[in-house]
Amino acid sequence: MLTIVLTLAVLGGIGALAYWLPRALSGLRVDSAAQLAERNAEMERRLQGLNETMDRRLSQLDTKVDRRLESASKTTTQVHERLVKLDEANTQMLERAKELSRLEHALRPPKARGGFGELMLENLLRDRLPATAYSLQYGFKSGERVDAVIRVSRMVPVDAKFPLDNFARLAEAQDTAERELHEKAFARDVKGHIDAIASKYIRPDEGTYEFAFMYLPSEAVYYELACGKTGELLKYAHERQIVPVSPSTFTAYLQMIVLGLKGMQIEEHAQEVMAYCAQLQKDFGRFKDDFDLVGKHLGNAQNKFVDAEKRLDKFETKLDQAADSRELDTAGDVVAELPRAADAA
């Protein structure tokens, strides 16, 4: 009996499930279709927005790429132009190197080097000093001629020297022994030039200062003289009252000389002004004396004028008194009443 009841209950449940399940599935299908359609629409909107964003970014990227390509093209053109200019500059440098090589060969003879140094010295003096402040190839009583003298209050001798041979060997030396050998030869050449300038051109009795300039047209030669072997050559030159100069250092000296010349001109003008002021003071003194004399005369004249004016007033008063006196009948009475000349005075 229990089995029959359970069987009937199961069959009833299956029947109810068979009735309810199709309806539930039908409603689920409707809801799923709506949700799916909504999701598809949302997906389409997102895809459309993504496409628009991608299109915009691709457009921006194209613009940036075009700009970069244009900039790269300009840069390439500039690089090409600079390479062309660099090639031209390199060609010019090669030409200058050839010219320097020819100049080096031309300067190998000592006489040619001397003429070159004198020419550079002349150009430097002409560019920095007025024509009246220097002389070229100045001769002394002994017959010696210095390349130039600078005229300040006294004369400053300037002689150009170009000890290049042993300096070139010194610069090309391969080992220490060879370098020391050429250093000694270079020092010997320089000392010879120093001694020659000191003995020939420093002549205070003929109007020079007690020092002279030794002009070295090469900065490298000057540097070796001033700094080589801890400056022994420079010390030797100073002991002999010789001042070695290169183009750059001599330019600085010339600038100082120009300032000194201007100071001397100002001093001369100041002395002229002082003399003129002294003359003006004398003229003013004479004018003051004349002015005082005129004032004195004017004062005396004024005093005399005041005295005369007083006398005139007195005389006028006496005339008025005479006019106001009683009437006289005869001319004799009138004459008797007139004041005497002494009283009128």
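The values are calculated or read from the model by the stated rules, or taken from the named source; none is laboratory data. Predicted model only: the values in this text are computed from it and were never measured. Cβ sites come from the backbone with ideal geometry, for glycine too, and all protein chains shown count toward neighbours.
Quick notes
- Total residues in region 192-214, condition assigned to a helix (DSSP H, G or I), surrounded by 15 or more Cβ atoms within 10 Å (Cβ to Cβ) and under 39 Å from the mean Cα position of the chain (by Cα): 5
- Condition met for LYS111 (out of contact with any Gly (no Cβ under 9 Å at 6 or more places or on another chain), surrounded by fewer than 18 Cβ atoms within 10 Å (Cβ to Cβ) and modelled with pLDDT of 70 or more): no
- Count of residues meeting criterion [on the phi > 0 side of the Ramachandran plot and small (Gly, Ala, Ser)] in region 136-158: 1
- Residues (in contact (Cβ under 8 Å) with a residue 24 or more places away in the chain, small (Gly, Ala, Ser) and surrounded by 15 or more Cβ atoms within 10 Å (Cβ to Cβ)) located in region 133-142: ALA133
- Residue that is more than 21 Å from ARG126 (Cα to Cα) and without any contact (Cβ under 8 Å) to a residue 24 or more places away in the chain, where the choices are ARG179, ARG145, ARG203: ARG179
Per-residue answers, yes or no, for (1) modelled with pLDDT under 75; (2) β-branched (Val, Ile, Thr); (3) assigned to a helix (DSSP H, G or I); (4) not assigned by TED's automatic domain parsing to the domain that holds ALA133:
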position: VAL221; (1), (2), (3), (4): no, yes, yes, no
position: LEU254; (1), (2), (3), (4): no, no, yes, yes
position: ALA308; (1), (2), (3), (4): no, no, yes, yes
position: ALA323; (1), (2), (3), (4): yes, no, yes, yes
position: ASP333; (1), (2), (3), (4): yes, no, yes, yes
